[in-house]
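The values are calculated or read from the model by the stated rules, or taken from the named source; none is laboratory data. Small disclaimer: the values here were computed from a predicted structure and weren't measured. Cβ placement follows ideal geometry from the backbone for every residue including glycine, while neighbour counts extend to all protein chains displayed. For accessibility, only protein heavy atoms count, side chains too; no ligands or nucleic acids. Shrake-Rupley method; radii C 1.70, N 1.55, O 1.52, S 1.80 Å.
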Amino acid sequence: MTPATRQEVLGLYRKILQIAKNWQSASGQIEETVREKEYIRNEARTLFRKNKNVTDPKLIKQCIEECEARIEIGLHYNIPYPRPIHLPPMGLAHKQGRTLRHQEKLRKISKPIYLKSHDEVS
C-alpha cells in the first residue's frame with residue numbers, strides 16, 4: 001500500500017468514527033441513536049480489520065469506493081444500515097432450472113458495490 005493510499009484509508013476510518021460520534025437517528029430516540037452509533041463503530045472496525053492485509057491495488061480501490069459509497073448513502077438517507085436491493089422475491093422460481101439460475105444471476109449482477117463486503121461479514 002502506498003503512503004497516499006494509507007492516508008486515504010486512515011482518513012476514511014477517521015471520518016466514519018466522526019460520523020458515529022455525531023450520529024443522530026432519524027427517530028430521535030436516544031436508545032436508537034446509541035444502537036446506531038455502536039453499529040457504525042462495530043461495522044467499521046470489523047470491515048477495516050478484515051481488509052487490513054489486502055495488498056492488491058485494484059481490491060484496495062474497490063474497498064475505498066465501497067466505503068465512500070456507504071458513507072454517502074448512509075448520510076443521505078440517515079440510515080447507518082446497508083440499503084437492500086429491490087428485486088422480486090425468488091418464491092416464484094422453481095427450486096431448480098433456468099428461472100432460478102436467471103434470478104440468482106440477476107441478484108448477483110444487481111448487488112450495489114456497497115453491499116459486497118456486508119454479506120461476507122454479517
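Of all residues in the range 27-41, those being loosely packed, with under 12 Cβ neighbours inside 10 Å and either within 13 Å of PRO80 (Cβ to Cβ) or of a type in the set (A, V, I, L, M, F, W, C) (or both) number 2. Exactly one residue among LYS61, LYS108 is at pLDDT below 85, loosely packed, with under 13 Cβ neighbours inside 10 Å and in a helix (DSSP H, G or I), and that residue is LYS108. Pairs linking a residue in the range 29-47 that is small (Gly, Ala, Ser) to a residue that is open to solvent by less than 50 Å² (accessible area, probe 1.4 Å), with Cβ atoms under 8 Å and 6 or more positions apart or on different chains, are ALA44/ILE16; ALA44/ALA20.
Residues that are among the small types (Gly, Ala, Ser), more than 19 Å from the chain's Cα centre (by Cα) and not in a helix (DSSP H, G or I) do occur in the range 28-45. Evaluated against (1) of a type outside the set (Ser, Thr, Tyr); (2) modelled with pLDDT of 90 or more; (3) under 13 Å from the mean Cα position of the chain (by Cα); (4) open to solvent by less than 60 Å² (accessible area, probe 1.4 Å), ALA20 falls short on exactly one condition, (3).
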